[in-house]
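To start, the structure under review is shown below, and the notes come after it.
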Amino acid sequence: MLVDRSRLHIALQRSGRLSDLSRDLLRESGLRIEAGKNSLSARAANFPADLMFVRDDDIPTFVSDGACELGIVGQNVLEEFALGSNERGFDVLAELGFGQCSLRIAAPERLPYEGVQSLSGQRIATSYPRLLRRFLDERKVDAEVVQMKGAVELAPRLEIAPYICDLVSTGATLEANGLRPVETVLNSQAVLIRTRKPLDEEREAIAGQLLSRIDGVLATKESKYIMLNASEEALERITSLLPGAEAPTILPLHGRPGHFAVHAVCQESVFWETLQKLKGAGASAILVVPIEKMML
Ligand SMILES: Nc1ncnc2c1ncn2[C@@H]1O[C@H](COP(=O)(O)OP(=O)(O)OP(=O)(O)O)[C@@H](O)[C@H]1O
Ligand SMILES: O=P(O)(O)OC[C@H]1O[C@H](OP(=O)(O)OP(=O)(O)O)[C@H](O)[C@@H]1O
Ligand SMILES: [Mg+2]
């Protein structure tokens with residue numbers, strides 16, 4: 001079947017750390033996706049979008065070429081790709097808050113390390129040669145970059161290179177291989193990207209619809225709806241304590257003159273400390289409830 005250009009094409013990782021979370025985000029945005037683990041593509045049953053399940057390394061190319069209008073990929077893969085191309089063919093639309101990891105240089109536990117100059121004249125194994133080279137150049141360190149496709153943590157044991165530069169999140173893989181992180185090259189998370197190639201009017205409208213739903217999903221993840229009661233004198237202090245709430249609604253409480261209900265959408269995390277401060281400022285009957293959907 002040829003590509004249906006009346007639909008939107010979204011490139012997602014087929015199988016790996018970002019796969020389930022990318023699909024979840026689209027599902028939360030209302031797309032009904034019925035695809036088995038082995039499918040290479042899927043049609044959203046209730047939205048004019050087709051999902052393409054590919055290797056994450058291919059996503060920046062597909063989106064830059066316009067083969068897929070949108071894609072979800074880690075900043076690490078995206079920036080490595082961008083450093084190797086003359087023109088930027090994509091725009092980053094949103095940071096998605098999952099797939100957090102860092103590209104870090106690590107050294108064997110037994111090797112002393114006294115800052116980046118310790119890397120001078122040394123070999124460093126990595127799957128991210130361009131990001132690593134940029135890091136070294138910016139610090140005027142002359143080291144040899146050895147490229148590996150995977151299992152980079154094995155390089156010191158195999159005497160391929162004493163240092164490595166690879167993705168780290170918990171640090172468990174480094175520790176299991178007798179390594180410790182010494183430098184951070186890039187902090188990364190999954191991002192939503194779109195092609196810079198112009199879309200026709202119809203697909204621009206479909207993309208706009210999906211993007212506003214995704215914005216809504218991302219906003220609700222952090223947001224909470226707060227309700228509380230307070231006396232008139234305490235209102236100013238209490239509203240100033242509400243995190244990320246712009247214009248709270250203030251309603252008189254029936255049968256309690258001088259007392260009000262305050263309702264607000266807080267677009268930042270609401271911690272126990274905040275609730276304690278609100279209580280200390282005179283708030284009572286404080287309720288914090290999750291928000292299911294939001295369209296800004
Ligand atoms: N330990 C980690 N914790 C959190 N996120 C990670 C971690 N390792 C990698 N990631 C993020 O998830 C992305 C995908 O990682 P994964 O290991 O599934 O990639 P891959 O093996 O290259 O997969 P593919 O088969 O698609 O090429 C990485 O590019 C990075 O953005
Ligand atoms: O700091 P940690 O939590 O231990 O995570 C780090 C590991 O995660 C990634 O590999 P992954 O497990 O995704 O396998 P891969 O080799 O297939 O990329 C990365 O390449 C590290 O090896
Ligand atoms: Mg890959």
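Tell me yes or no: at least one residue of the stretch 147-163 is in a loop (DSSP other than H, G, I, E, B) and in contact with a Lys or Arg (Cβ under 7 Å, 6 or more places away or on another chain). Write out each step before concluding.
Let us first name the residues in the stretch 147-163 that are in a loop (DSSP other than H, G, I, E, B), namely 148-151, 155-162.
Subset that is in contact with a Lys or Arg (Cβ under 7 Å, 6 or more places away or on another chain): 161-162.
Yes: one or more hits.
Does at least one position in the stretch 103-124 carry a residue that is of a type in the set (A, V, I, L, M, F, W, C), open to solvent by 10 Å² or more (accessible area, probe 1.4 Å) and touching a helix residue (DSSP H, G or I) at 6+ places or on another chain (Cβ under 6 Å)?
Initially, the stretch 103-124 is screened for residues of a type in the set (A, V, I, L, M, F, W, C), giving 103, 105-107, 111, 116, 119, 124.
Remaining after also requiring open to solvent by 10 Å² or more (accessible area, probe 1.4 Å): 111, 116.
If we keep only those that are touching a helix residue (DSSP H, G or I) at 6+ places or on another chain (Cβ under 6 Å) too, we end up with none.
No.
In the stretch 1-22, which residue that is in contact with a strand residue (DSSP E or B) (Cβ under 6 Å, 6 or more places away or on another chain) and not in a loop (DSSP other than H, G, I, E, B) is nearest to ligand 1 (Cβ to nearest atom)?
Keep residues of the stretch 1-22 that are in contact with a strand residue (DSSP E or B) (Cβ under 6 Å, 6 or more places away or on another chain), which gives 7-12, 14, 18-19, 22.
Narrowing the set further to residues that are not in a loop (DSSP other than H, G, I, E, B) leaves 8-12, 19, 22.
Values: Leu8: 21, His9: 17, Ile10: 15, Ala11: 11, Leu12: 10, Ser19: 7, Ser22: 10 Å.
By that ranking, first place goes to Ser19.
Given the criterion surrounded by fewer than 19 Cβ atoms within 10 Å (Cβ to Cβ), within 16 Å of ligand 2 (Cβ to nearest atom) and small (Gly, Ala, Ser), identify the matching residue among Ser15, Ser22. Outline the logic, then answer.
Working: Ser22 fails: surrounded by fewer than 19 Cβ atoms within 10 Å (Cβ to Cβ).
Only one candidate qualifies: Ser15.
State yes or no: is Asp166 more than 10 Å from ligand 2 (Cβ to nearest atom) and either surrounded by 16 or more Cβ atoms within 10 Å (Cβ to Cβ) or assigned to a strand (DSSP E or B) (or both)? Give the derivation first.
Details: more than 10 Å from ligand 2 (Cβ to nearest atom): no; either surrounded by 16 or more Cβ atoms within 10 Å (Cβ to Cβ) or assigned to a strand (DSSP E or B) (or both): yes.
Criteria not met by Asp166.
Asn86 - would you say it is open to solvent by less than 40 Å² (accessible area, probe 1.4 Å) and either part of a strand (DSSP E or B) or not assigned by TED's automatic domain parsing to the domain that holds Gln147 (or both)?
On the way: open to solvent by less than 40 Å² (accessible area, probe 1.4 Å): no; either part of a strand (DSSP E or B) or not assigned by TED's automatic domain parsing to the domain that holds Gln147 (or both): yes.
So Asn86 fails the test.
Cβ-Cβ distance below 6 Å, separation of 6 or more or different chains: which pairs start in the stretch 141-153 with a residue that is more than 18 Å from Glu80 (Cβ to Cβ) and end on one that is modelled with pLDDT of 95 or more and of a type in the set (A, V, I, L, M, F, W, C)?
Partner pairs satisfying both residue conditions: Val141/Val116; Val141/Leu119.
For the stretch 169-191, which positions are open to solvent by 30 Å² or more (accessible area, probe 1.4 Å) and among the polar types (S, T, N, Q)?
Passing the criteria: Ser169, Thr170, Thr173, Asn177, Thr184, Asn187, Gln189.
Which of the residues spanning the stretch 49-77 are more than 9 Å from ligand 1 (Cβ to nearest atom) and either within 16 Å of Ala190 (Cβ to Cβ) or hydrophobic (A, V, I, L, M, F, W, C) (or both)? Break it down into steps so the answer makes sense when it comes.
Of all residues in the stretch 49-77, those more than 9 Å from ligand 1 (Cβ to nearest atom) come to 49-53, 60-72.
Within the stretch 49-77, Ala49, Leu51, Met52, Phe53, Pro60, Phe62, Val63, Ala67, Cys68, Leu70, Gly71, Ile72 meet the criteria.
The values are calculated or read from the model by the stated rules, or taken from the named source; none is laboratory data. Keep in mind that what you see is a predicted model, and the values were worked out from it rather than measured. When we count neighbours, we look across all protein chains shown, and the Cβ atoms used for this are built from the backbone with ideal geometry, even at glycine. Ligands, DNA and RNA are excluded from the accessible area calculation, which covers all protein heavy atoms including side chains. Shrake-Rupley method; radii C 1.70, N 1.55, O 1.52, S 1.80 Å.
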